[in-house]
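Just so you know, all these numbers are worked out from the coordinates, no wet-lab data involved. The structure displayed is predicted, hence computed values, not measured ones. No Cβ is skipped: glycine too gets one built from the backbone with ideal geometry, and neighbour counts run over all protein chains shown.
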């Protein structure tokens, strides 16, 4: 049984953006009693903030507040970016040149393997291609 789940950028966007098609499911997961602790990475938060970068001051502010809440939440472990995390992601990226994986996804996948995580809060089939269980598919 998993002791934690990995949160992909998809999850943070869905949780933040009320118009997102997965918003209700993300909110329900977030509020579920006995929810497993969440693991994410600084690289994922960079991608999350980048997504909202051109969407105007209201959504930029909301995303900023969400990112700060994530960082301060005791139930969420935000793993810092490092040369090692970059290199592990780059190695997976290089090994999957036939795939359309983003570098951030590769870093996330390498992190999940290192942390022994199998469940990911995403609808991204790329994670399933690597043997992970996408909880929003």
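Values computed for the structure shown
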item: Value of relative contact order over the range 11-109, rounded to a whole percent, pairs C-alpha under 8 Å and six or more apart; result: 26
item: P(r), alpha carbons of the chain - 5 Å bins starting at zero, rounded %; result: 2, 10, 20, 24, 22, 13, 7, 2, 0
item: Residue 96 paired with residue 69, simple spin-label distance in nm, labels 7 Å along Cα-to-beta-carbon; result: 2.9
item: Order of 93, 11 under a 10 Å beta carbon neighbour criterion, fewest first; result: 93, 11
item: Cβ-based exposure ranking for 105, 119, 19, in which fewest neighbours within 10 Å come first; result: 19, 119, 105
item: CD proxy at 222 nm, helix term only [per DSSP H run n ≥ 4: -39500 (n - 2.57); per residue of the chain; nearest 500]; result: -16500 deg cm²/dmol
item: Mean-position separation - Cα centroids, the range 66-137 and the range 18-58, in angstrom; result: 14
item: Sorted by Cβ neighbour density within 10 Å, fewest at the top, the residues 122, 111; result: 111, 122
item: Rounded to 10°, Cα long-axis angle of helix 83-95 versus longest principal axis of the chain; result: 60
item: Difference of contour (0.36 nm per residue) and Cα-Cα distance, residue 113 to residue 55; result: 17.6 nm
item: Pairwise FRET efficiency - residue 129 versus residue 76, Cβ, R0 = 35 Å, nearest 0.05; result: 0.85
item: In degrees, nearest ten, helix 56-72 long axis to first principal axis of the chain (Cα); result: 70
